[in-house]
Amino acid sequence: MSSRASWRETFAEEAIAPLVALGIALVVGDLLILAYGQAPGDVWRTLVEGTWGNAYGFGQVLYKATTLTCTGLAVALSLRAGLFNIGAEGQLAMGGLAAALVGLALPASTPLAIAAALATFAALVGGGAVGAVPGWLKSRFGAHEVIVTIMLNFIVLALLNWFVSARLHVPETLHTPSIRAGALPRIAEWFSAFHGSAANASLFLVAVAVAVVSWALFRTRAGYELRAVGLQPDAAEYAGVKVGRVWTRAMIVGGALAGLGGINFVLGYKGYYEDGFSGGAGFLGIAVALVGRNHPVGVVLAALFFATLSQGGLAINATVPKQMVEVLQGVVILAVAASVPEVRRILRQSVRGR
């Protein structure tokens, strides 16, 4: 097989499969809309106009996609290493609380650049610390990361709930006091058309994180070792790679990336940590990683897609139930899982035929 044919097949597996899944989801969506007695064209038009068709809706898509990109990267990085990180929900929450604690501890006169940098670093450390637990247990004792991360979600979220409700909450609420330093500006402060939108400067920090992860994954030795371990750990170990160390590092970095998503809510939107603010974004990050084919750029595109569906569900709720969006999300995930092997088989047959 020529290198050109190999590249074509790889591109198709990475790009065509999600497009096939999207096409299947659109067909299913049309059938559901018809079942409710509505015109599919009108509903899809309303969804687009309520998201990408106006500045406020687009800002909300960007806001939701920012957090989903972080949790998607956390899952994608672990999958690249051959691990399944289902703990992004707890890692995201811990990162948010860590950022809030720094914002509360610093005096209000702290320059924004310093306060935001310290709070962001705290979010990375908080999420990374939660990710380190399953990584270390996996490499040291062989504990299955799926079981550990699932249980750790409950433990972390319960501990954070207790800490906030018992030690640091505003009376009659389940959130901390407002941070004194480190609040990030909203996009509306620069572009008035985004007024009311929650989109904020944290999306630029996340964009930098995507670029760094992409560079590290495909241009550094550590990234090569991570991918090698994910493909064949025994062969990587035979070649001198410390597999356990790579696993631990992947979970720490993945947890840090999920924790980074916490600043989107805490520093950029509400200005405080609120119990349950993650709202399932950690679990949805699994779908984002799968649809994005575990590639940083694919994760961004998948995050924008799921954020569009989430915000669009609010726009179309007057004509069809917003739960239809959740059905479409499930269809996309199932279609991706089913279409990838089929695309691979068809392409290999066509290459052999030539």
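We did not get these values from a lab; they are worked out from the coordinates using the rules stated. Treat the numbers as computed from the prediction; the structure is a model and nothing was measured. When we count neighbours, we look across all protein chains shown, and the Cβ atoms used for this are built from the backbone with ideal geometry, even at glycine.
How far apart, in nm, are two points set 7 Å out from the Cα along the Cα-to-Cβ line at Ala338 and at Gln323? About 2.2 nm, to one decimal.
Using Cα pairs under 8 angstrom and six or more residues apart, how large is the relative contact order of the chain, in percent?
Numbers: 630 pairs, mean separation 123.0, N = 354.
The normalised contact order for the chain reaches 35 percent.
For segment 138-234, the Cα-based Rg and Dmax, in that order, read 20.4, 55 Å. Sorted ascending by nearby beta carbons within 10 Å, beginning with the fewest, Thr66, Thr46, Thr71 become Thr46, Thr66, Thr71.
Cross-link partners of Lys64 among lysines, defined as those whose alpha carbon lies under 29 angstrom from its own and excluding same-chain residues fewer than eight positions apart: Lys270, Lys322.
Annotation note: chymotrypsin sites (Phe, Trp or Tyr not before Pro) in segment 179-259 located in DSSP loop regions with a Cβ neighbour count of at most 16 within 10 Å are Trp190, Phe191.
Separation of segment 209-241 and segment 28-90, taken as the distance between their Cα centroids, equals 29 angstrom. Remark: segment 62-303 carries a charge dipole of roughly 480 debye about the Cα centre, counting +1 on each Lys and Arg Cβ and -1 on each Asp and Glu Cβ. Taking the Cβ of each residue in Tyr36, Tyr269 as the centre, tally the other Cβ atoms inside 10 Å and list the residues starting with the fewest. The fewest-first ordering by Cβ neighbours comes to Tyr36, Tyr269. Couplings for segment 51-60, taken from phi via the Karplus curve 6.51 cos²θ - 1.76 cosθ + 1.60 with θ = phi - 60°, read 10, 7, x, 8, 5, 5, x, 5, x, 5 Hz in order; Gly and Pro are left as x.
Of the residues Thr69, Thr308, Thr319, the one with the fewest other Cβ atoms within 10 Å heads the list, and the complete ranking is Thr319, Thr308, Thr69.
Look at (i) 1.03; (ii) 1.08; (iii) 0.97: the one that is Cα Rg over 2.2 N^0.38 Å derived from this structure is (i). Amide H to amide H, which residues 5 or more places from Asn200 or on other chains are under 5 Å from it, using H placed in the peptide plane? Counting only residues 5 or more places away or on other chains, the set is Ile187. Annotation: Cα Rg of segment 224-325 relative to the compact-globule expectation 2.2 N^0.38 Å equals 1.42.
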